[in-house]
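The values are calculated or read from the model by the stated rules, or taken from the named source; none is laboratory data. Keep in mind the model is a prediction, meaning the values are calculated, not measured. Neighbour counts run over all protein chains shown; Cβ positions are idealised from the backbone, glycine included. Side chains included, ligands, DNA and RNA excluded: accessible areas come from the protein's heavy atoms. Shrake-Rupley method; radii C 1.70, N 1.55, O 1.52, S 1.80 Å.
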Amino acid sequence: MSETGELAELAKRRGFFFPSNEAYGGTAGFYTYGPEGAALKRNVEDVWRDLFVRKLGNMELEAPTIMPEAVFEASGHLDGFDDMIIECSECGATHRADHLVEDAVPDIEDAEALGTEQVAGLVAEHGIECPSCGAALADDTVEEFNLMFGTNIGPGSGSPGYLRPETAQGIFVEFPRLKEYARNTLPFGVAQIGRAYRNEISPRRALVRVREFTQAELEHFIDPEHDEPPIERVEDVEIPLYSAKDQNDDEGTVENHTVGEALDTDIVESEWVAYYLGRSMEFYERIGLDMDRFRYRQHLAGERAHYAADCWDAETELGGNWIEVTGFAYRSDYDLSKHGEYSDEPFTIFRQYDEPKTVERAVVDPDMSYLGPEFGSQAGAIAEELESLAGRDRSAFDGDSVSVAVDGETYTVPVEKTGFGVEEQTESGEHITPHVVEPSFGVGRIVYSVLIHTHGTDTVDGETRSFLGLPAELAPTTVAVVPLMTKDGLDDRAREIADRLREEGFEVAYDDTGNIGRRYRRQDEVGTPYCVTIDYETQEDDTVTVRERDSTEQRRVEIEKLPSVIRELLEGATLSTSGSPTT
Ligand code: ATP
């Protein structure tokens, strides 16, 4: 069985994740995290929160998942959040046309950048068939399909809304308030972990492409002229880079560079993006990804959004395919400018000058005793237009008269009646639109990658064992307490110890079914790093056996010392080095 097939089987059997709503025939693209998976996912999120919120001193918020249409008009999702769809005229199945082309044509890695017409041409040229029924798709049209789930807010159909396709918008729309919490000072970062929804045309590869998923996004708001990342913090961190140039070159491969080298040689253009590529290595390593199956891939020219200056994806290799797990983008002022344009709120921040500046300002002071009788009800609007024109183009006032347009009509005013003049003013700063640097993590794809990368088999006592080598802080259960027998008081004692360890703050499972070897295997399979066994010796000398998942080594430990020994083990000691075990 393939590694993804094996994992899917394990995930379902042991309660990591499984397709939702199977009692009603299932719904493609929706997965439920079972007890083990929900705990693992929460632990991954906690590591993310520790690194990207707590350690970086950022804020975290929790916004609604349904947002009004106006938000997505401004963000561009309403018009442009599309994928290419092709519907088989034979069986009615729908498919991602760009993915069909990428799968069928070896040289094409990013068909989305080609546009619908060219993709339709490639479908015909390569005789691509419907994956569901095998019919030729050559005559079927390729169209854009918007991925947002629509809904109505409140009864009736008056107020359209959408399930957010990314958590980021919930941060951007609150910028006017968030900047106050940041005391109107850049840079500051705002993070959010939450659900996002995309009506994917063909959900596939388990948690990789689903219709409801969790994102962990950080929006770092910066002043592009003055703010620099603390690059010295990551300068020497090695990052595996698969640059656009290497992707276009037949001989090109992933190359390891330090963050400093990557910047010096312009492989990564943006210092901020490089900073996050470096910082994020700590996250991927800490959650146990196999770093030989990990890379940062630069977006090819056609892949990048027009406003994004430098984009890289973190990718993991799963079952022979490279999958994007995180997108890193320098998004410039695109998001805040758009919301500033569409809403009445200011999406800017005041940048204080080091020293106040004296500037020349063109001003007007229209003679309303002339404008009123001359232009009647339009006089006020004409005065406003004159003021705005003076700010934009003072040369318009060079002649004897000046013209402005109001409601499609042109009005001409003698310059002497405008009160035009140039004044010196002292300014202490200016309003700027911050730029945004965004690392955007897909939690489900990361959980899935961790499961695949840590899943292994080996031989223990002549038997094949399947295990998850999860880092201890990610494991759903930290300690499993197992009595050798369910008689002679061993089970009562084991329950007591389990409760005591729970009180001490550990994630504890109690397991008394099946023979002891089977119980160890069961725990190995869900990644439990330690088992504690209660046997007849426990009754005599108050010691238990602690067994380590990875080495399968065992050691007797006094019950009194058990919490501190486990704590040491979690901090990196091994059974042979942890404090004063009794042999
Ligand atoms: P893709 O090209 O694979 O559709 P994307 O580039 O549209 O992904 P982003 O918009 O950058 O993805 O979203 C950020 C992250 O959210 C991705 O790196 C990925 O981990 C996750 N993500 C996006 N779409 C899905 C999905 N349908 N199912 C699960 N995770 C997803």
Margin query: For the chain, what does the helix formula give at 222 nm: sum of -39500 (n - 2.57) over DSSP H segments with n ≥ 4, over the residue count, nearest 500 deg cm²/dmol?
Written below: -8500 deg cm²/dmol
Checklist line | Mean accessible surface per residue for the chain, computed with a 1.4 Å probe while every protein chain stays in place, in Å² | finding: 47
Check: Which whole-number percentage describes the relative contact order of the stretch 291-351, with Cα contacts under 8 Å and a sequence gap of 6 or more?
Finding: 25
Next item on the list: With a 1.4 Å probe and all protein chains in place, put MET368, MET291 in order of accessible area, largest first.
Entry: MET368, MET291
Margin query: Per 0.36 nm of contour for each residue apart, how much would the distance between ALA23 and TYR536 grow if the chain were fully extended, relative to their Cα-Cα spacing?
Written below: 180.1 nm
Next item on the list: Name the lysines eligible as straight-distance cross-link partners of LYS179: C-alpha to C-alpha under 25 Å, and not fewer than 8 places from it in the same chain.
Entry: LYS55, LYS338, LYS357
Notebook entry, point to check: Probe 1.4 Å, all protein chains in place: accessible area of ASP333 in Å², nearest 10?
Noted result: 60
Notebook entry, point to check: Any idea of ILE497's accessible area? Nearest 10 Å², probe 1.4 Å.
Noted result: 10
Next item on the list: Working from the alpha-carbon coordinates of the stretch 239-279, get Rg over Rh, Rh being the Kirkwood radius.
Entry: 0.97
Notebook entry, point to check: Which of ILE108, GLY76, TYR33 sits farthest toward the positive end of the charge dipole of the stretch 1-147, with +1 on the Cβ of Lys and Arg and -1 on the Cβ of Asp and Glu?
Noted result: TYR33
Item checked: Karplus-derived HN-Hα couplings along the stretch 200-215 (A = 6.51, B = -1.76, C = 1.60, θ = phi - 60°), whole Hz, x at Gly and Pro -> 3, 5, 10, x, 7, 6, 6, 6, 5, 10, 10, 9, 9, 8, 9, 10
Next item on the list: Please tell me the relative contact order of the stretch 7-144 in percent, rounded to the nearest whole number, where contacts are Cα pairs under 8 Å and at least six residues apart.
Entry: 16
Notebook entry, point to check: At each listed q (0.14, 0.29 Å⁻¹), what is the log10 of I(q)/I(0) that the Debye formula gives for the stretch 70-123 modelled as equal alpha-carbon point scatterers?
Noted result: -0.46, -1.08
Checklist line | Charge dipole magnitude, Cβ of K and R +1, D and E -1 - the stretch 477-563, Cα centre, debye nearest 20 | finding: 360
Margin query: Using 5 Å bins from zero, what percent of all Cα-Cα pairs in the stretch 288-379 falls into each bin?
Written below: 2, 10, 10, 9, 9, 11, 10, 9, 8, 5, 4, 4, 3, 3, 2, 1
Check: Based on Cα positions only, what radius of gyration and what Dmax would you give for the stretch 6-143, in angstroms?
Finding: 20.6, 56
Next item on the list: Would you kindly calculate the mean projected area, averaged across all directions, of the convex hull enclosing the Cα atoms of the chain, in square nanometres?
Entry: 38.0
Next item on the list: Calculate, for ASP461 and SER576, the FRET efficiency according to 1/(1 + (r/R0)^6) with r their C-beta to C-beta distance and R0 22 Å; round to the nearest 0.05.
Entry: 0.65
Margin query: Looking at the chain, identify the longest residue range that excludes and avoids all trypsin sites (Lys or Arg not before Pro) in DSSP loops having at most 11 other Cβ atoms within 10 Å.
Written below: 184-486
Check: Restricting to the chain, what percent of DSSP beta bridges are antiparallel, rounded to 5?
Finding: 90
Next item on the list: Output ³J(HN,Hα) for the stretch 541-551: one whole-Hz value per residue in order, computed from phi by the Karplus curve 6.51 cos²θ - 1.76 cosθ + 1.60 with θ = phi - 60°, and x for Gly and Pro.
Entry: 10, 6, 10, 10, 9, 9, 10, 8, 4, 6, 8
Check: Over the chain, what is the mean sequence separation of C-alpha contacts under 8 Å (at least six apart), divided by residue count, expressed as relative contact order in percent?
Finding: 12
Notebook entry, point to check: Using DSSP loop states and a limit of at most 10 other Cβ atoms within 10 Å to flag GluC sites (Glu not before Pro), what is the longest stretch of the chain containing no flagged site?
Noted result: 252-570
Checklist line | Whole-percent carbon and sulfur share, accessible surface of the chain, 1.4 Å | finding: 43
Notebook entry, point to check: To the nearest 10 square angstrom, what accessible area does MET485 show with a 1.4 Å probe?
Noted result: 80
Margin query: Students often forget the sequence filter, so: which lysines lie under 18 Å Cα-Cα from LYS41 once same-chain residues fewer than 8 apart are removed?
Written below: LYS12
Note to self: Considering the Cα positions of the stretch 58-217, please state its Rg to one decimal place and its Dmax as a whole number of Å.
What the structure shows: 19.3, 61
Note to self: Skipping prolines and chain starts, which residues have an amide H placed within reach, meaning under 5 Å, of the one on PHE17, given they are 5 or more residues away or on another chain?
What the structure shows: LYS12, GLY34
Check: Counting only complete DSSP H runs, which helices of the chain cover 15 Å or more along their long axis at the Cα atoms and score a mean Kyte-Doolittle of -1.0 or above?
Finding: 35-49, 271-286, 379-392, 443-454
Next item on the list: List the residues of the stretch 176-206 whose backbone N lies under 16 Å from a point placed 7 Å from the Cα of GLU62 along the Cα-to-Cβ direction.
Entry: 191-196
Check: Local charge sum around MET148 (other residues, Cβ-Cβ under 9 Å, Lys/Arg +1, Asp/Glu -1)?
Finding: +2
